[in-house]
Amino acid sequence: MKKKILVTGGIGYIGSHTVVELQNAGYEVVIVDDLSNSTIEVLDGIEKITGIRPPFVKLDLKDKEGVGRLFEAHAGINGIIHFAASKAVGESVQQPLKYYRNNIVTLLNLLDLMPSNGVQGIVFSSSCTVYGQPDILPVTEEAPIKPALSPYGNTKQINEEIIRDTLHAGAPFKSIILRYFNPIGAHPSAEIGELPNGVPQNLIPYLTQTAIGIRKELSVFGDDYNTPDGSCIRDYINVVDLAKAHVVAIDRMLGSKSGENLEIFNLGTGNGVSVLELIHGFEKATGVKVPHKIVGRREGDIEKVWANPEHANKVLGWTAKESLEDTLASAWKWQLKLRERGIQ
Ligand code: NAD
Ligand code: WQD
């Protein structure tokens, strides 16, 4: 019998790509999302790619009674992948309570109700933001957690601690915490991708919107960092590669292979790429110029961070495969599709 996975935030950017890969791998998926940062048309994209329209429940996961009803209506859920969260770093500084409430209460409700509903495990979306500026690069899972630079980042640290404490207290399920580096790109079909709300804060959506003429020019935040070209370095990971890592994490968590009840994995490529390299890489991959100018540093930015993904490579048997060039081309194809649809 197919195993049933509840994907919270499954209409969102990473969630929708993961639903596609789960369905392709033979899992039965139930999506729950309140559509606070996504639109229901994403379900059509998932159906077009996989031929399956998964059941969708519109629910705010802060509503604990609603979550209880969800588990009753969809009995037999084996595992959860918990993507649902608010994720805008700048907004979290302006509205910390919104972030603490949404990102923490949703997790508490799920953890509370998992045992009575027989759910065997939860995969949690964490972030490389928990490492701050690491002292040693590439960064491993053993690197110390640094004080968070934003309420958003703090919610990820607190959520990791909540999961750790809950399992330590003997909760009857397992968990895998996945620390994503910088997810970018879109499904190669361009049926699903990233849908930023308003003016994008993240590099790739701002870059593709500039390339297509929605924005005049891209600001490069600083060229005076201690890096080879002076701009910041990140580990940009293709979103489909990232989605596939969730499938192997679910296989492992629900299979008998893993003895540990809590495991943590970095999900990155292991390659650091600077902002200027990324712009030039995009121009090379697409043949489209990106007007850009150097401006001052953005407050709170980390100078350089990239993953040591060996733990995920060895233990999960997962490696990021897509080239940066193909990934940037997929982001561009998605931006062109958005224009075709009259969205952006
Ligand atoms: P996203 O905003 O596209 O997706 C999140 C989804 O959760 C949205 O569809 C939103 O409507 C839904 N949601 C939010 N609050 C909810 C609630 N209370 N009840 C039900 N649904 C709710 O974000 P994403 O980029 O796909 O990120 C997914 C997860 O990965 C988040 O937890 C995010 O913090 C984490 N993450 C993202 C990145 C990144 O750069 N995108 C990096 C590291 C970690
Ligand atoms: C990447 C690089 C910028 C925009 C954030 C969150 C982090 C994680 C991912 C979830 C940086 C530079 C950007 C622009 C630029 N999310 N940049 N001009 O800052 O690495 O991480 O998203 O957990 O928590 O903090 O990603 O895409 O914003 O920036 O020069 O217009 O691009 O300075 O070096 P970041 P980003």
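In contact with a strand residue (DSSP E or B) (Cβ under 9 Å, 6 or more places away or on another chain), outside the structural domain of Glu41 (by TED's automatic domain parsing) and more than 13 Å from ligand 1 (Cβ to nearest atom): is that true of Thr140 in this structure? Taking the combined requirement at face value, the residue does not satisfy it. Any residue that is near ligand 1 (Cβ under 10 Å from one of its atoms) and free of Cβ contacts under 8 Å to residues at least 40 places away in the same chain - is there at least one of those in region 66-86? Yes. Could we say that Asp33 is away from ligand 2 (no atom under 16 Å from the Cβ) and over 26 Å from Arg252 (Cα atoms) here? When the stated conditions are applied, Asp33 does not pass them. Select from region 126-144 the residues that are within 16 Å of ligand 2 (Cβ to nearest atom) and β-branched (Val, Ile, Thr) and list them in ascending order. Matches in region 126-144: Thr129, Val130, Val139. Selection of first residues in region 95-108 that are touching a residue at least 40 places away in the same chain (Cβ under 8 Å) and of second residues that are hydroxyl-bearing (Ser, Thr, Tyr) and exposed (fewer than 15 other Cβ atoms within 10 Å of the Cβ), restricted to Cβ pairs under 9 Å at least 6 apart or on distinct chains, gives the following pairs, ordered by first then second residue: Asn102/Ser36.
Inspect region 67-86 for any residue being touching a Lys or Arg at 6+ places or on another chain (Cβ under 7 Å), farther than 19 Å from Ser126 by Cα and among the polar types (S, T, N, Q) and give the result as yes or no. Taking every residue of region 67-86 in turn, at least one turns out to be touching a Lys or Arg at 6+ places or on another chain (Cβ under 7 Å), farther than 19 Å from Ser126 by Cα and among the polar types (S, T, N, Q).
Does at least one position in region 206-219 carry a residue that is part of a strand (DSSP E or B) and either acidic (Asp, Glu) or not assigned by TED's automatic domain parsing to the domain that holds Ser36 (or both)? Yes, there is a match, as at least one residue in region 206-219 is part of a strand (DSSP E or B) and either acidic (Asp, Glu) or not assigned by TED's automatic domain parsing to the domain that holds Ser36 (or both). Screening Ala186, Ala171 for residues that are within 16 Å of ligand 1 (Cβ to nearest atom) and either under 20 Å from Asp241 (Cα atoms) or not in a helix (DSSP H, G or I) (or both) leaves exactly one candidate, Ala186.
Restricting attention to region 1-18 and to residues that are free of Cβ contacts under 8 Å to residues at least 60 places away in the same chain and among the hydrophobic types (A, V, I, L, M, F, W, C), the residue that is nearest to ligand 2 (Cβ to nearest atom) turns out to be Ile11.
The rows are residues; the columns are (1) buried (at least 23 other Cβ atoms within 10 Å of the Cβ); (2) touching a Pro at 6+ places or on another chain (Cβ under 8 Å); (3) polar (S, T, N, Q); (4) more than 26 Å from Trp334 (Cα to Cα).
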site: Ser256; (1), (2), (3), (4): no, no, yes, yes
site: Glu263; (1), (2), (3), (4): no, no, no, yes
site: Leu267; (1), (2), (3), (4): yes, yes, no, no
site: Ala285; (1), (2), (3), (4): no, no, no, no
site: Val288; (1), (2), (3), (4): no, no, no, no
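Considering region 1-105, the qualifying strands (runs of 3 or more DSSP E), each wholly inside and each with 2 or more residues that are more than 19 Å from the chain's Cα centre (by Cα) and crowded, with 17+ Cβ neighbours inside 10 Å, run over 56-58.
The values are calculated or read from the model by the stated rules, or taken from the named source; none is laboratory data. Predicted model, so just to flag it, every value in this text is computed and none were measured. Neighbour counts run over all protein chains shown; Cβ positions are idealised from the backbone, glycine included.
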